[in-house]
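Undergrad: Please find one structure pasted underneath; my questions will follow.
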Amino acid sequence: MQTRAGEQLEVLIQAQDIRLRVEQLGARITYDYQDKDLILIGILKGSFVFVADLARAIDLPLAIDFMAVSSYGMSTQSSGVVRIIKDLDHSVEQKHVLVVEDIVDTGLTLNYIYGHVKSRGAASVKICALLDKASRRQVAVPVHYKGFEIPDEFVVGYGLDVEERYRNLADICRVVHTS
Ligand code: 5GP
């Protein structure tokens, strides 16, 4: 993909490997949620590609909802302040919720969302994250389904952005600044 001047992309996880892992996660989730009323809650915007692929890899009549929270804004540093920009459209009462997130970094965002969804009367709440930067964790959050553990590097692609760019990359890449 064409990049901005002074930026280069280095592939960290290839699209083909993402596809395989998402298929595995989908099969596992299908098995675990047999006969359960499952709702996926995608955290916008970063999870939109992952949710689309994961949902189709799960062979169950699930529902899908989205939440949007502010975490990083236009910066790449976590502020620790989480604000709900878009809340759930539907009740999760008595439903089995799987929160679908692109990446867990400090854990602050998911920790907040996890508590928020639990307080809404769900039958169960679990977390599925495509990427995990475990070395950066500040608060412990249970990641029940995990795609890949990655090193402490800022990544883009497959829904993840830097200043709203590169969400449409098929691979997950690190951004290298050349100037
Ligand atoms: P946490 O609250 O766990 O520190 O941050 C989670 C959120 O930070 C993610 O949903 C994502 O929006 C953003 N984030 C954390 N690490 C990265 C990264 O390497 N790349 C991008 N694009 N976003 C990240």
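Every number here is computed from the coordinates shown, using simple stated rules; none is lab data. These numbers were taken from a predicted model, which means no experiment stands behind them. All Cβ positions, glycine included, derive from the backbone under ideal geometry; neighbour counts span all protein chains shown.
Undergrad: Which residue pairs have Cβ atoms under 9 Å apart, sit 6 or more places apart or on different chains, and have a first residue in the stretch 81-101 that is touching a residue at least 40 places away in the same chain (Cβ under 8 Å) and a second that is assigned to a strand (DSSP E or B) and among the basic types (Lys, Arg)?
TA: Here the result reads His96/Lys126; Val97/Lys126; Leu98/Lys126; Val99/Lys126, each pair linking the stretch 81-101 to a residue that is assigned to a strand (DSSP E or B) and among the basic types (Lys, Arg).
Undergrad: Now for a different question. Within the stretch 40-52, can one find any residue that is closer than 19 Å to His116 by Cα, in a loop (DSSP other than H, G, I, E, B) and either free of Cβ contacts under 8 Å to residues at least 40 places away in the same chain or in contact with a Pro (Cβ under 9 Å, 6 or more places away or on another chain) (or both)?
TA: No, the stretch 40-52 contains no residue that is closer than 19 Å to His116 by Cα, in a loop (DSSP other than H, G, I, E, B) and either free of Cβ contacts under 8 Å to residues at least 40 places away in the same chain or in contact with a Pro (Cβ under 9 Å, 6 or more places away or on another chain) (or both).
Undergrad: Give the residues of the stretch 154-167 that are of a type outside the set (Ser, Thr, Tyr) and under 16 Å from Gln14 (Cβ atoms), sorted by residue number.
TA: Selection gives Val155, Val156, Gly157, Gly159, Leu160.
Undergrad: Step by step: first the residues of the stretch 112-154, then only those that are of a type in the set (Gly, Ala, Ser) and free of Cβ contacts under 8 Å to residues at least 12 places away in the same chain, then the one that is farthest from the ligand (Cβ to nearest atom). Which residue is that?
TA: Ser119
Undergrad: Could you list all residues from the stretch 126-179 that are over 11 Å from Ile103 (Cα atoms), of a type in the set (Gly, Ala, Ser), touching a helix residue (DSSP H, G or I) at 6+ places or on another chain (Cβ under 6 Å) and crowded, with 19+ Cβ neighbours inside 10 Å?
TA: Across the stretch 126-179, there are no qualifying residues.
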